[in-house]
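Inspection log for the structure reproduced underneath, given as structure tokens.
The values are calculated or read from the model by the stated rules, or taken from the named source; none is laboratory data. Everything quoted here is computed from the prediction, not taken from an experiment. With ligands, DNA and RNA removed, areas are computed over all heavy atoms of the protein, side chains included. Shrake-Rupley method; radii C 1.70, N 1.55, O 1.52, S 1.80 Å.
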Amino acid sequence: MKIALITGASSGLGMEFALQICRTKDKPEEIWAVARRQERLLELRRSCSVPVRVLPLDLTEEGSIRELKSLLEREKPEIQILICAAGFGKIGKYSEISLEDAGRMIDLNCRAAVEVTLLALPWMKRGGRILEICSTSAFQPFPYLNVYAASKAFLYRFSRALRVELFDRGIRVTAVCPYWIKDTEFIPKAKDAGGGRAVRHFPLASRRKSVVKHALLDSRLGLPVSTPGPVCFLHRIAAKFLPGELMMGIWSLIRRI
């Protein structure tokens, strides 16, 4: 059985990836949708034209990783595409981010993504694709978004290096690095920590349908990095040439707009 394995599938980009994959020519026989909120996954199943296996797992819990591992060993699917979209962030000064939230960001954005990827690799064949959902924040240090940005920088570097290691297996890895997305739960949830004071507005934010469409195309083309929009593309280029201190200074001005 050929499947797509998607984490963070109950909302935002994860859900949108599932919906768009259903409409592709090479759509899988089944989508395995992983997220904590079972009721949202059941809604997704009703919306997809491809059968969806609902896996209500919290990937920050060790037992969930073991359960996913056991399921893969029992079912022995071929994973055509893996999309690690589970993640969350908090915006605010270091003193406004709880210890629990900081640890959970690292657990979900870094450890869980790596563990799910390593679990999936034995079940992938030549032509398989991996999309690690990083962020344009991976390109530089971000004060008032520091733990989240650092976690995404980790996932970005992991993705770039893993891509080289998988060349001989013919498995393509794409680090997807979008800018702010206005129609997901990320912005309102991320602003909870700082009460909306650290970042006042989110100009030129993109939309999830466009981000996912662009990311899937870049993945099919075998690109190592997907910057699905003009802002994140320009940010990626600027970060290659401008010193980190200058980039943080620019960010300090933008976040007050």
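Multiply the residue gap between Ile250 and Leu221 by 0.36 nm, knock off their C-alpha separation, and tell me the result in nm, one decimal place.
7.2 nm
Any idea what Rg and Dmax come out to for the range 86-237 if you just take the C-alpha atoms, in Å?
15.6, 48
Between the alpha-carbon centers of the range 57-83 and the range 207-257, tell me the distance in whole angstrom.
Cα centroid of the range 57-83 versus Cα centroid of the range 207-257: 30 Å apart.
What would the Debye formula give as log10 I(q)/I(0) at q = 0.17, 0.19, 0.24, 0.29 Å⁻¹ for the alpha-carbon point model of the range 110-177, no solvent?
Those come out to -0.59, -0.70, -0.99, -1.28, one per q.
Rg and Dmax in Å for the chain, alpha carbons only: what are they?
Radius of gyration, then largest Cα-Cα span, for the chain: 17.6, 53 Å.
Percentage of Cα-Cα pair distances in the range 4-120 greater than 22 Å, rounded to whole percent?
Value for the range 4-120: 34 percent of Cα pairs lie more than 22 Å apart.
Can you tell me the accessible area per residue over the range 56-212, all protein chains present, probe 1.4 angstrom, in square angstrom?
That works out to 46 Å² per residue.
Taking 0.36 nm per residue of sequence separation and subtracting the Cα-Cα distance, how much length would be gained by fully extending the chain between Ala205 and Asp26, in nm to one decimal?
61.4 nm
Keeping the other protein chains in place, figure out the carbon and sulfur percent of the accessible area of the chain, with a 1.4 Å probe.
56 percent
With respect to the cross-link table entries Lys76/Lys152; Lys152/Lys189; Lys27/Lys189; Lys152/Lys209, which display a Cα-Cα separation exceeding 23 Å?
From the list (Lys76/Lys152; Lys152/Lys189; Lys27/Lys189; Lys152/Lys209), the Cα-Cα distance tops 23 Å for Lys76/Lys152; Lys27/Lys189.
Which value in deg cm²/dmol, rounded to the nearest 500, describes the helix-derived mean residue ellipticity at 222 nm for the chain, given -39,500 (n - 2.57) per DSSP H run of n ≥ 4 and division by the residue count?
Helices in the chain give a 222 nm mean residue ellipticity of -13000 deg cm²/dmol.
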